[in-house]
Ligand SMILES: *Cc1c(COP(=O)(O)O)cnc(C)c1O
């Protein structure tokens, strides 16, 4: 196998889910987002561990992601969080993917195709309470719920919304989220007052799971928490989490270079003294973003060393200094669960982004190696 791999610690995934369940109480259902190949971790293996840990739903971003899970043999309910196109309706029906719906045109098309295929399809009604992305406007909720109820081959299995700033501690953001919760709660109440059952009510992604117990409703949808990161730095102390992905590689060469030697494209780094340079077989095409150098450090035998010079497409170089105990073939951790200044947070901060983008950005050519699968 390639030296560069993403080790996926399934025991940490299981631990994180247990931590979340402990924090929220056992009578709240859990929907585990496995969209974008489980934030880069590998959707099928993550899904299986999540089901072992008690997930009652999986969430994907497209019908195809749902179909892939079905073809891997997964029978747990799958919620698709983004809007499907009319061409995807047959797949929704054949593979039992639960779509979010919010407009009459789509509801009617899905309802009539389901009738033709003699199937009853569960749907979740999405309400836009302030995210500004998808969903019906709150004042249209009852009308849309009725449109679903009028389709004999559709059932309103759930009602949901999504928050825009639930991971923030800024007072204005807290006020905004509280408003979203109130708008959504009132819309759900209106469905009940119209004599309809809203089904499973759900709203909370990771931020609201930690900050707004009143928004847990019947089910929570924490994504990044499951993968071992708080949704924002401000919320890092609320529960203990263990990062699931460890991006590692190996030292494939160590060469002593004289003072004045330039390293890599553009000659941006010049050795100030005679020094040992290690070469690593990982580059930006693996997801080690070029802009991370200068700045990023990697962990070798418990010590941090800087990447020097430009990160190339497939390789990069590390300065080991004039004396080192690092040997050829030693393991190198780019980020992982050790929390010794080599967390995906450090990479995210340097790139002015979020940990989500770091793990999602690890390229497909990096093999995922699964460890610690809980035996249940
Ligand atoms: C991605 C997503 C989630 C999970 O978000 P996290 O911040 O990772 O917890 C939940 N709900 C919806 C609708 C999403 O798109």
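FYI, it's all coordinate maths here, none of it is from the lab. Remember, predicted model here, so these are calculated numbers, not experimental data. With ideal geometry, Cβ positions are generated from the backbone for all residues, glycine too; neighbour counts draw on all protein chains shown.
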Inset, instruction - Mind pulling up the Rg/Rh value for the range 222-376? Radius of gyration and Kirkwood radius, both on Cα. - result: 1.00
Inset, instruction - Would you please classify the overall shape of the range 47-196 from the alpha carbon gyration tensor, given that a ≥ b ≥ c denote the square roots of the eigenvalues, rounded means a/c under 1.5, and beyond that prolate means a/b larger than b/c while oblate covers the rest? - result: oblate
Inset, instruction - Taking each pair of different alpha-carbon atoms in the chain once, compute 1/r for the pair, average those values, and report the inverse of that mean as the Kirkwood hydrodynamic radius in Å to one decimal. - result: 22.5 Å
Inset, instruction - Highest first, please rank the peptides 351-360, 321-330 by the mean number of other Cβ atoms sitting within 10 Å of their residues. - result: 351-360, 321-330
Inset, instruction - Could you pull the Cα extents of the range 1-97 along its three principal axes, largest to smallest, in whole Å? - result: 44, 39, 21
Legend entry - Cα-based equivalent ellipsoid of the range 262-302: semi-axis lengths in Å, sorted from largest, via gyration tensor: 19, 15, 10
Legend entry - Förster radius 45 Å - calculated FRET efficiency between residue 353 and residue 194 (Cβ-Cβ, nearest 0.05): 0.55
Legend entry - For the range 39-77 versus the range 341-376, the gap between their alpha-carbon centres in whole angstrom: 18 Å
Inset, instruction - Would you please classify the overall shape of the range 68-151 from the alpha carbon gyration tensor, given that a ≥ b ≥ c denote the square roots of the eigenvalues, rounded means a/c under 1.5, and beyond that prolate means a/b larger than b/c while oblate covers the rest? - result: oblate
Legend entry - Rounded if a/c under 1.5, otherwise prolate or oblate - the range 115-252, Cα gyration tensor axes: oblate
Legend entry - Convex hull (Cα only) mean projected area of the range 318-376, reported in nm² to one decimal: 6.6 nm²
Legend entry - Pairwise FRET efficiency - residue 85 versus residue 116, Cβ, R0 = 25 Å, nearest 0.05: 0.85
Legend entry - Equivalent ellipsoid dimensions for the range 132-204 as semi-axes, Å, which come from the Cα gyration tensor, largest first: 26, 11, 10
Inset, instruction - Please list the radius of gyration and Dmax for the range 192-255, considering alpha-carbon atoms only, with Å as the unit. - result: 19.0, 75
Legend entry - Label-point gap, in nm, between residue 327 and residue 238 - each point 7 angstrom along Cα→Cβ: 4.6 nm
